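To start, the structure itself, in structure tokens.
The values are calculated or read from the model by the stated rules, or taken from the named source; none is laboratory data. Given the structure is predicted, the values throughout are model-derived calculations rather than measurements. Cβ atoms come from the backbone with ideal geometry, glycine included; neighbour counts cover every protein chain shown. Surface areas here come from the heavy atoms of the whole protein model, side chains and all, with no ligands, DNA or RNA. Shrake-Rupley method; radii C 1.70, N 1.55, O 1.52, S 1.80 Å.
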Amino acid sequence: MTTDSPQPMVTEARALRHTFVANPHRPQFHFLAPANWLNDPNGLIQWQGRMHLFYQYNPNGPFHGSIHWGHAISDDLVHWQDLPVALTPTPGGCDSDGCWSGSAVNNQGTPTLIYSGVSPQVVCLATSSDDLVTWHKHPANPVIAGPPGDLKVASGGHFRDPYVWRADGQWRLLMGSKSAGGGGLVLLYNSSDLLHWEYVGPILQGDITQTEPIWTGAMWECPNLLDFGQRQALVISTQNELGDLLYVFYASGRFDGQHFVPGVQDILVHGGRQGCFYAPQVTRADDGRHLMWGWLREERSQAAFMEAGWAGVMSLPLVVSMELDGHMCVEPAAELAALRRDHQHWGDLDLPDGSVWPLNSAIGDSLEIIAQFELPDDGEFGLDVRATPDGQEYTRLVVQPAEQQVVIQRDRSSLDPDPDKTPCAAPIRSTANRMITLHIFLDRSVLEVFVNGGLSSMAARIYPTRRDSIGLNLFSRGAAVRLKSLDVWRLDAIW
Ligand code: DQQ
């Protein structure tokens, strides 16, 4: 069986991208679909040196429906080239309602996608014989026909997002699931050939009554297992009982081949009420780095993104690592430096209590900013991005030393009442030498912030309404603060 609808041509994708040039909220240096809807990254794999990014894609409109796998490749993790749609739902097939999330592996030279068919939720396989461009669905699909044993009922059919890797001479597969009233589940299967799968059992089971250190939700999606040698980590996207997407958490610990024993648990990337960072996928690059992309959801109404004609954007390419204490660290990939233009630097400045200092030479809506401050004991300080000269619109990144947190305040981000304006807060971890470093990427409607080398990270969407919302200010109030250094670059567009 082959994928059966005509593939949109690559030139068509380019033309589609051009139709959005005047759209003020459309990111310039983040990957996003040519048009319409994008959600989870899928099938991340470095193949003959090039990174392949597949993604949940609806070519029919900017809404979640009829999910295909879009496809793009990159030589440098930053610039992307569109390829034809990789997977299309097959009418009457086990993915007729959508080709949902999954992984890519190299099966002795044969590129293979293992993905979720719906509905019901099952596991499907597709292979390519032309360097990952066209894909053939396997006649044996579905290769896993649904949840095992008791979970057929207890999971309510929630059984998706195969994560596949090879270890100890066999294929291993994790599935996201739930146990009604219990919590989320990560289920393990083994196979010798990717076609016949033996159920091993749950490697980790959530407790829906757990509240500390975090609530881990009711249904677990998109599990990833990261191997750091002596220790491992599970990265899980979690939903509540109503199916609302919540946030991404990790559990670091040890996987013995059958069970995962968790240690530290925490939010991976902090956000607003529900967080815009979701469903990340992690792949091991040829150079050993754990590279991650996540879906940055819209935080404006469906009506607003239907009107815009596009919805959803990928995070920056991120590098995930584990600290000695088991906490995870998330940093932007070094390759992003290729986009830097017009560098400006300031050093050793005292910001008196009550000051607001506009950086008139560093305005823009696509910026990278690295700011290092000496941390006072109280007061608050930080930067405003996307600020109008009259102070009507701005997004405030505030460091609050007494609360040991960094907050993205969005109540003035947009004059439009529609977008989510709840604040995003992340703890300040490690204040060695009483210094704090904020590494900020602003890309029109996307804000990603990495605190102290990625010991905490945050992502938020903002939707300024005014053309002159391009100002950058430093401010301090309640205490004086010393700015040790500030570097600002305008970042180039990637399309
Ligand atoms: N998105 C996919 C599912 C996954 C969810 C469907 C997470 O496979 O569980 O588009 O955002």
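Tell me, which strands (runs of 3 or more DSSP E) lie completely within region 354-445 with 3 or more residues that are farther than 24 Å from GLN344 by Cβ?
Here the list reads 405-409, 424-427.
Just need a number here: residues in region 35-47 that are more than 15 Å from the ligand (Cβ to nearest atom) and open to solvent by less than 10 Å² (accessible area, probe 1.4 Å).
The number of residues fulfilling the criteria is 1.
Identify all residues within region 171-183 that are under 20 Å from TYR115 (Cβ atoms) and either in contact (Cβ under 8 Å) with a residue 60 or more places away in the chain or buried (at least 21 other Cβ atoms within 10 Å of the Cβ) (or both); write none if there are none.
Correct list: TRP171, LEU173, LEU174, MET175, GLY176, SER177, LYS178.
Name every residue in region 255-280 that is touching a Lys or Arg at 6+ places or on another chain (Cβ under 6 Å) and away from the ligand (no atom under 16 Å from the Cβ), in order of residue number.
VAL261
Exactly one condition in (1) more than 16 Å from the ligand (Cβ to nearest atom); (2) farther than 24 Å from PRO262 by Cβ; (3) open to solvent by 10 Å² or more (accessible area, probe 1.4 Å) is not met by SER119; state its number.
The number of the failed condition is (1).
Counting only residues that are touching a strand residue (DSSP E or B) at 6+ places or on another chain (Cβ under 8 Å) and within 17 Å of THR216 (Cβ to Cβ), how many does region 168-196 have?
Qualifying residue count for the region: 12.
When you look at ILE363, is it open to solvent by less than 40 Å² (accessible area, probe 1.4 Å) and outside the structural domain of HIS64 (by TED's automatic domain parsing), yes or no?
No: the conditions fail for ILE363.
Return the total of residues in region 92-148 being in contact (Cβ under 8 Å) with a residue 40 or more places away in the chain, small (Gly, Ala, Ser) and assigned to a strand (DSSP E or B).
So the answer is 6.
Picking from GLU331, GLU323, which residue would you name as being open to solvent by 30 Å² or more (accessible area, probe 1.4 Å) and closer than 14 Å to TYR250 by Cα?
So the residue among GLU331, GLU323 that is open to solvent by 30 Å² or more (accessible area, probe 1.4 Å) and closer than 14 Å to TYR250 by Cα is GLU323.
Filter region 149-166 for residues that are part of a strand (DSSP E or B) and open to solvent by 30 Å² or more (accessible area, probe 1.4 Å) and give the result.
TYR163, TRP165, ARG166
Is at least one residue of region 263-272 charged (D, E, K, R) and under 30 Å from TYR189 (Cα atoms)?
yes
Inspect region 179-193 for any residue being within 16 Å of the ligand (Cβ to nearest atom) and β-branched (Val, Ile, Thr) and give the result as yes or no.
yes
Could you tell me which residue of region 334-353 is nearest to ASP492 (Cα to Cα), considering only residues that are assigned to a strand (DSSP E or B) and open to solvent by less than 60 Å² (accessible area, probe 1.4 Å)?
So, considering only residues that are assigned to a strand (DSSP E or B) and open to solvent by less than 60 Å² (accessible area, probe 1.4 Å), the one nearest to ASP492 (Cα to Cα) is GLN344.
Sort through ILE203, ILE214 and tell me the only one that's open to solvent by 10 Å² or more (accessible area, probe 1.4 Å) and either of a type in the set (Val, Ile, Thr) or in the same structural domain as ILE267 (by TED's automatic domain parsing) (or both).
Only one candidate qualifies: ILE214.
Sort through LEU486, LEU442, LEU472, LEU455 and tell me the only one that's of a type in the set (A, V, I, L, M) and open to solvent by 10 Å² or more (accessible area, probe 1.4 Å).
After applying the criteria, what remains is LEU455.
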